[in-house]
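Structure first, then comments.
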Amino acid sequence: MKTYLLIWFSSNGASPSDVNRRLMSMGFKPIQGAYDYVYEWGNNVDLDEILSFGDKVHLSLHDTGTMFKIETINGADE
C-alpha cells in the first residue's frame, strides 16, 4: 500500500524546505506528478494504522500554515 500526500503552502507559514524535512523524517519521499510525496507501507495496513499515520502527519505539519490531502491506495488498485 502507498499513501500519497498533496501539500498546499501558505506564504505566511513554514518554508517548503522545512516542510520537506519534516515529511522526509516521517518516511515520505518527494515525487513529481499529481501528488507531492509518497509513503510506501511495504504491506497491507488496516484503517486504524492509516488514521494514526494521518494524525502523525497532522502533528508534524501543525503550525506550518500548510494544508494537506492524504490518499492511501492498495498497490493492486494503481
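Quickly run through region 23-78 and pick out the residues that are acidic (Asp, Glu) and assigned to a loop (DSSP other than H, G, I, E, B).
Correct list: ASP36, ASP46, ASP63, GLU78.
In this structure, does SER11 turn out to be modelled with pLDDT under 95 and either touching a strand residue (DSSP E or B) at 6+ places or on another chain (Cβ under 7 Å) or more than 14 Å from MET1 (Cβ to Cβ) (or both)?
When the stated conditions are applied, SER11 passes them.
What are the residues in region 31-51 that are surrounded by 13 or more Cβ atoms within 10 Å (Cβ to Cβ) and not hydrophobic (A, V, I, L, M, F, W, C), if any?
Once the filter is applied, which keeps residues that are surrounded by 13 or more Cβ atoms within 10 Å (Cβ to Cβ) and not hydrophobic (A, V, I, L, M, F, W, C), region 31-51 yields TYR35, ASP36, TYR37, TYR39, GLU49.
Can you tell me which residue is surrounded by the most Cβ atoms within 10 Å (Cβ to Cβ) among those in region 52-64 that are in contact with a helix residue (DSSP H, G or I) (Cβ under 9 Å, 6 or more places away or on another chain) and farther than 10 Å from LEU5 by Cβ?
In this case the residue turns out to be THR64.
Taking LYS69 and the conditions (1) without any contact (Cβ under 8 Å) to a residue 60 or more places away in the chain; (2) open to solvent by 60 Å² or more (accessible area, probe 1.4 Å), which numbered condition does it fall short on, given that it satisfies the others?
Looking at each condition in turn, LYS69 falls short on (1).
Please verify whether region 25-37 includes one or more residues that are at pLDDT 95 or above, in contact with a Lys or Arg (Cβ under 8 Å, 6 or more places away or on another chain) and at negative phi.
yes
Does SER11 fit the bill of being assigned to a loop (DSSP other than H, G, I, E, B) and open to solvent by 50 Å² or more (accessible area, probe 1.4 Å)?
In short, yes.
The values are calculated or read from the model by the stated rules, or taken from the named source; none is laboratory data. All values reported here derive from a predicted model rather than from experimental measurement. Positions of Cβ are backbone-derived with ideal geometry, glycine not excepted, and every protein chain shown enters the neighbour counts. Side chains included, ligands, DNA and RNA excluded: accessible areas come from the protein's heavy atoms. Shrake-Rupley method; radii C 1.70, N 1.55, O 1.52, S 1.80 Å.
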